[in-house]
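A short write-up of the structure that comes next.
The values are calculated or read from the model by the stated rules, or taken from the named source; none is laboratory data. Everything numeric in this text was worked out from a predicted model, so none of it was measured. In this analysis, Cβ positions are derived from the backbone assuming ideal geometry, glycine residues included, and neighbour counts consider all displayed protein chains.
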Amino acid sequence: MSSDTEHSGAHAGIELPAPTSFPIYFAFGITLLFAGLVTHEMVSWVGLAAALVGAVGWWREVLPLEREEPVPLQPESERAPRIEPRPAAVEHLVAGEGQHRLRLPLEVRPFSSGLRGGAAGFVAMAVVACGYGLIAQGSLWFPINLLAGMVLPAVVDADLEQLRAFHADAFALAALMHATLSLLVGLVYAAVLPMLPDRPQLFGGIVAPLAWTAVAWSSVWIVNPALEQYISWAWFIASQIAFGLAAGMAIARVQPVEVYQSLSLAERAGLEAAGVAQEREEPE
């Protein structure tokens, strides 16, 4: 805005671009132009005409001279007061003080700890599940065939004796499914547990297993209705809790790594200067 557009006295004001409706015509025409590609060619022709009218009209609004209109200013007494600058120091917040960022972790476990926790949970859950098979059904392969029955139609239609027998394809599929899910859940544990404010092992070992047990109980009739009658929910909960406790303990044993949040801005920016970062010990 140039100073020659301002006026003094009772008619003080500034000149602004005059309102125009041609941009709306142009946008409406472009919309019809592309809508005709999926409807009728006449829609595109109408859109093309509207877009040309809007484009030409919009062009004539600004060239060769921009069309403007004066806008009067408010009287001096009705204007907002001028903001006076007041220099002041900025109070720096420290993590953990004054309720600042208490819910964000200052230390996290590496993702490799999630794989380790998933492997520990894989073994613990398999031991409990196979224990159920030996004690309740007299077969080590019974829970393995139940897991494979989520995918294999032949297992779904099998009778109780066939579920107690060994099947190589069911064993391979169940082992692959169990290992994949265990490692994925372990990675989720490694990412989520450090962000919990209190007692993360309680959440990982009890709360989370009970939550996904409730989900499995409410959806098993959809995923695997034929095998629902063979599932013992008490042993199922025990196996889930064993997985959660084993995975949580394995992840907790890994040395945590500090996040950038605990470092100063200069350290996060990678600045190296005297007094900026802690002195590094030289190797002997």
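Observations on the structure shown:
Yes or no, residue by residue, for (1) at pLDDT below 85; (2) over 30 Å from L183 (Cβ atoms):
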residue	(1), (2)
I24	no, yes
P64	yes, yes
E84	yes, yes
V123	no, no
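- Any chance A158 is buried (at least 16 other Cβ atoms within 10 Å of the Cβ), over 30 Å from S113 (Cβ atoms) and over 38 Å from the mean Cα position of the chain (by Cα): yes
- Residue match in the stretch 234-242 (condition: in a helix (DSSP H, G or I), of a type in the set (F, W, Y) and modelled with pLDDT of 75 or more): yes
- Test: residue in the stretch 157-170 that is in the same structural domain as Q229 (by TED's automatic domain parsing), modelled with pLDDT of 85 or more and within 21 Å of A250 (Cβ to Cβ): no
- Taken over the stretch 108-138, the criterion of being under 20 Å from F166 (Cα atoms) and surrounded by fewer than 16 Cβ atoms within 10 Å (Cβ to Cβ) is satisfied by V123, V127, L134, I135, A136, G138.
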